[in-house]
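The structure appears below as structure tokens.
The values are calculated or read from the model by the stated rules, or taken from the named source; none is laboratory data. Only a predicted model underlies this, so the values are computations on that prediction, with no experimental measurement involved. Every residue, glycine as well, gets a Cβ built from its backbone with ideal geometry; the counts of neighbours run over all protein chains shown.
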Amino acid sequence: MRLEAEFTSEPFHGEGEPPAHATAAFDAARAAGLDCEFGPLGTSVRGERAALLAALPGVVDAAFDHGADRVTMQVRLEGQAPALPVTTGLDALLAQVAAELGGDLRTLPRAEKQRAVRLLEERGAFDYRKSAEIVAEALGVTRFTVYNYLNRERG
């Protein structure tokens, strides 16, 4: 039986070179003999069940050893579609913030998009699965931009 895992390590640093925690986790997975795909916001790895499950603790350790403060992971049977995002509550939050800020979030200037992200974070929008992708689409920006806005607010 083959499994697939997707993992993301944080904090995100926006554009430029990937952070050390992300590359260290990728290198650990590759060193374990897994099939790996490195992405800007996450890594996918595939392999036989025993090999993949045995490698995951090393992947997580490598991320934390190189500066991660969070590792999020999903493991599933290879070839199974990822879980669909839970959007009902998030859709309501997006609609609420859009109404407060005067309409379509995509047309807002940058400062107002940053304000929208701050409001969404205060209301728990980023507790939903795949929320950064959904918020990015609603704002007409990339996930990197959403993470940059979040990091700016936390910093």
Mind checking whether some residue in region 35-58 is acidic (D, E), over 12 Å from F7 (Cβ atoms) and not in a strand (DSSP E or B)?
no
Only one of A50, A62, A132, A54 is of a type in the set (A, V, I, L, M, F, W, C) and outside the structural domain of G33 (by TED's automatic domain parsing), namely A132
Looking at region 73-124, which of the residues that are at pLDDT below 85 and of a type in the set (S, T, Y) is nearest to R2 (Cα to Cα)?
T87
Which of the residues belonging to region 115-125 are within 18 Å of the chain's Cα centre (by Cα) and surrounded by 15 or more Cβ atoms within 10 Å (Cβ to Cβ)?
V117, R118, L120, E121, A125
Go through region 145-155 and give me each residue that's surrounded by fewer than 17 Cβ atoms within 10 Å (Cβ to Cβ) and of a type outside the set (S, T, N, Q).
R152, E153, R154, G155
Given the structure, is A116 part of a helix (DSSP H, G or I), of a type outside the set (K, R) and touching a Ser or Thr at 6+ places or on another chain (Cβ under 6 Å)?
no
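Does region 126-147 contain at least one residue that is among the basic types (K, R), modelled with pLDDT of 90 or more and part of a helix (DSSP H, G or I)?
No, region 126-147 contains no residue that is among the basic types (K, R), modelled with pLDDT of 90 or more and part of a helix (DSSP H, G or I).
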Does E137 count as surrounded by fewer than 19 Cβ atoms within 10 Å (Cβ to Cβ), on the phi < 0 side of the Ramachandran plot and without any contact (Cβ under 8 Å) to a residue 24 or more places away in the chain?
yes
Against the definition (under 29 Å from V146 (Cβ atoms), at pLDDT 90 or above and not acidic (D, E)), how does T23 come out, yes or no?
yes
For region 14-34, give me each residue that is crowded, with 19+ Cβ neighbours inside 10 Å and in a helix (DSSP H, G or I).
H21, A22, A24, A25, F26, A28, A29
